[in-house]
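Data first, discussion second: the structure below is written as structure tokens.
The values are calculated or read from the model by the stated rules, or taken from the named source; none is laboratory data. These numbers come from a predicted model, not from an experiment. Note that each Cβ is placed from the backbone with ideal geometry, even for glycine, and that neighbours are counted across all protein chains shown. Remember, those area values only see protein heavy atoms, side chains included, never the ligands or the DNA or RNA. Shrake-Rupley method; radii C 1.70, N 1.55, O 1.52, S 1.80 Å.
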Amino acid sequence: MSSGRIFLDLDGPVLDVSERYHRLHCDVVLARGGRPLDREDYWQAKRDQVPEAEILARAGLSSADINSAAAQRLREVETPGYLRLDRPWPWTAAVLEELARFAPLVLVTLRRHPDRLARQLDDLGLERRFDQIVAGAGDDTPEAKASLLRAGGWDAAAGSVFVGDTEVDVAGGRALGFHTIALRCGIRSPARLEVCEPDSLLDDLRDVPGHLRELGWAYRGGS
């Protein structure tokens, strides 16, 4: 049994954010007379880390419109109307319930507007699923994510795992000495995740409980 904790990134591992991202893409492109990418093509481009300017160019926007469209996207991506489009994966609640039998769950997320996070989690019925929520403002970088956790004293959480879906999650977890688990279901393609060399690469959250058992974890209390 591990004495550590299970740290989870929100967007990707816990929530499917693809509808929010694509709807906003459509809105900013249509407002400028462009042709939005269909959802599959758009999401694949995001997962392959195609720069936003190139995505907007593929949608037919002029050079003059690309900058304003990209700026609008950043302004609006965390507005309440778009955040309401996020949905937990169909398996999220059940898997979080099982994971909580192994160890305390800590949600870790960086948002430009962390003040809107509590409302979103409450609307989705997720707030009560976590023992602690660690949220900060700023860009999602490995340094920012590691600093956020260090500020909470989590750099001493020996035996912990970090579950995420990006190179930021892998690098941030690794900086703190956590076992890093990357999930293929989120905003990075499997090929991109392989490059950052997580300790484990799984399909989605449903694979995590079994993997923890393989690592020697057991339910708290031996139940």
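Structure values in brief
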| item | result |
| --- | --- |
| Options D16, D11: the member that is within 30 Å of H179 (Cα to Cα), touching a Cys at 6+ places or on another chain (Cβ under 9 Å) and of a type in the set (D, E, K, R) | D16 |
| Q72 vs. criteria part of a loop (DSSP other than H, G, I, E, B), polar (S, T, N, Q) and either closer than 22 Å to D140 by Cβ or open to solvent by 50 Å² or more (accessible area, probe 1.4 Å) (or both) | no |
| Verdict on A57 being outside any loop (DSSP other than H, G, I, E, B), farther than 20 Å from G138 by Cα, open to solvent by 10 Å² or more (accessible area, probe 1.4 Å) and without any contact (Cβ under 8 Å) to a residue 24 or more places away in the chain | yes |
| Test: residue in region 190-199 that is in a loop (DSSP other than H, G, I, E, B) and among the small types (G, A, S) | no |
| Breaking point among (1) open to solvent by 20 Å² or more (accessible area, probe 1.4 Å); (2) within 20 Å of D207 (Cβ to Cβ), for P142 | (2) |
| The listed residue being surrounded by fewer than 21 Cβ atoms within 10 Å (Cβ to Cβ) and not hydroxyl-bearing (S, T, Y), out of G173, G125, G164 | G125 |
| Meets criteria (closer than 18 Å to D11 by Cβ and surrounded by fewer than 16 Cβ atoms within 10 Å (Cβ to Cβ)) for R112 | yes |
| Residue count, region 145-161 (criterion: open to solvent by 50 Å² or more (accessible area, probe 1.4 Å) and either of a type in the set (S, T, N, Q) or within 8 Å of L176 (Cβ to Cβ) (or both)) | 3 |
| Criterion: at pLDDT below 95 and assigned to a loop (DSSP other than H, G, I, E, B) - qualifying residue of G177, G221 | G177 |
